[in-house]
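Each remark here refers to the structure printed beneath this line.
The values are calculated or read from the model by the stated rules, or taken from the named source; none is laboratory data. These figures come from a predicted structure and were not determined experimentally. Note: ideal-geometry Cβ built from the backbone for every residue, glycine included; neighbour counts use all protein chains shown.
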Amino acid sequence: MAGSRFPDGFLWGAATAAYQIEGAVTEGGRGPSIWDTFSHTPGRTLNGDTGDVACRHYDKLDEDLELMADLGLRAYRFSIAWPRVQPEGKGPANQAGLDFYRRLVDGLAERGIVPAVTLYHWDLPQALEDAGGWTARTTSERFAEYAAIVGEALGDAVGMWTTLNEPWCAGWLGYGTGAHAPGRSGLASGTAATHHLMLGHGLAVEALRAASSAPVGITLNLNRFIPASDHELDLRAARIADAVLNRLYLDPVFKASYPEDLVELVRAGGGDFDAVQPGDLDVTSRPIDFLGVNFYSTAVIADVSREAEARQAGYVVAPVGARDANAPFGVRQVGRADLERLATGWEVEPEGLTDILVRLRDEYTRGPLYVTENGAAQHDYRGPDGAVHDPGRISYIDRHVRAVLRAIERGVDVRGYFVWSLMDNYEWSLGYSVRFGLTWVDYPTGERVPKDSFHWYRQVIAANGLTGDA
Ligand code: FCB
């Protein structure tokens, strides 16, 4: 395929999240979050890595703004650390926390970069966790209060708001399987946390609308699930995986319901959806202005009783991993040996992104979509020439950008694309073991080195599309 241009005004961006880059966890009056607690608990993260120092972004704000200007970014997606704004998750704002983000949004505006702000990228104030965390309904109300504070403080300068980033990770991995902070597990806590996150989302939409005229949306991590065979059990397993990752979050936002098939399964497993009170689904489905989609890979799904058949069909059946989040429902992800994989083990299949964007248009929303995260985990290193050569990342992003363009050609209203990530950072329970950045970070010193992909992406932005062949 030859070079490809995007619609005028297409928003080229890069993304980060507070806990993954800021460091300075005790500075400026910041309170502890569940990720501080979790990462400091032995055995929870690889090598015991924490975000205590991370990329030192809190101290290097000006340098990072220059980095973004140098990249030519049109938009920068970042998250606000709730415990910087409300150290204990309630009550009056901590001015030093708001001041930091004011410097950031003003610095972006000066450079012509649209601030795309996420309110919740998983760093719940620990004090709220101590009061029940997302399994407590009051946390949804606290979240709306926090949204109002941020909306009022920064609303004049923010270009777009995202309430939650990936409620599946925050709710299902955090409270269902325990792979993420706060590390609680069980069907009951998983579903309660999920519902209170979605309720919090709806309440925050209302709070932001009252305070700011910028568009408001939510970011979901979505995936395409392919059944391992056309056997009825594998088809069912793929539908369950789709329910847990996709429909559990899309339906309350766009259809004011939770997926019936999943509700039944949860009940059969001894859980419930009793957290849902009358009227709640009207709140979760408050109209939004855009949907953000985070996409990395696709997955083949088999019923757990059909592992032998999956193996015979050539799939790799690995031991159940921490992220095998559907294990409670007898659903297994199986691997394709022939596909390229990221350093996280995720399979690379860009067509899945086109499919998801088209499906969203067909089944959920005609409203604008943004790819709010997409990027490649690798084990990059700095070569003897001092540079970081990452052709694999360039190829990955190139193919996914083309996948976005194919969706646009099919009439889907995709308005922007954000690379994960602007810089290497703390990858949650994987610590510093993998790198996603366009910029290499030398963790001991904090030095930043733009990688080859950085220079390549700058050209993509400047040309509003890709040049040359895929
Ligand atoms: C997403 C998260 C983001 C980052 C990428 C790799 O699930 O939103 O913070 O960890 O994965």
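Before moving on, here are some points about what is shown:
- Qualifying residue in region 303-313 (condition: within 23 Å of the chain's Cα centre (by Cα) and part of a helix (DSSP H, G or I)): no
- Filter result (in contact (Cβ under 8 Å) with a residue 60 or more places away in the chain and either surrounded by fewer than 24 Cβ atoms within 10 Å (Cβ to Cβ) or within 16 Å of the ligand (Cβ to nearest atom) (or both)) within region 364-378: 364, 365, 367, 368, 370, 371, 372, 373, 374, 375, 376
- Set 62, 70, 99, 106: member being part of a helix (DSSP H, G or I), at pLDDT 95 or above, acidic (Asp, Glu) and within 19 Å of residue 148 (Cα to Cα): 99
- Among residues of region 259-283 that are within 14 Å of residue 328 (Cα to Cα), those with a Cβ under 6 angstrom from a residue that is among the aromatic types (Phe, Trp, Tyr) and assigned to a loop (DSSP other than H, G, I, E, B), sequence gap 6+ or separate chain, pair up as 263/273.
- Residue check, residue 194 buried (at least 19 other Cβ atoms within 10 Å of the Cβ), in contact with a strand residue (DSSP E or B) (Cβ under 6 Å, 6 or more places away or on another chain), hydroxyl-bearing (Ser, Thr, Tyr) and within 27 Å of residue 370 (Cα to Cα): no
- Within region 379-424, considering residues that are closer than 19 Å to residue 297 by Cα and β-branched (Val, Ile, Thr), the one nearest to the ligand (Cβ to nearest atom): 419
- Look at (1) within 26 Å of residue 257 (Cα to Cα); (2) surrounded by fewer than 22 Cβ atoms within 10 Å (Cβ to Cβ) and you find that residue 406 fails only one, number (1).
- Residue 359 being of a type outside the set (Asp, Glu) and not in a loop (DSSP other than H, G, I, E, B): yes
- Residue within region 188-203 that is in a loop (DSSP other than H, G, I, E, B), more than 16 Å from the ligand (Cβ to nearest atom) and either closer than 30 Å to residue 96 by Cβ or in contact (Cβ under 8 Å) with a residue 24 or more places away in the chain (or both) present: no
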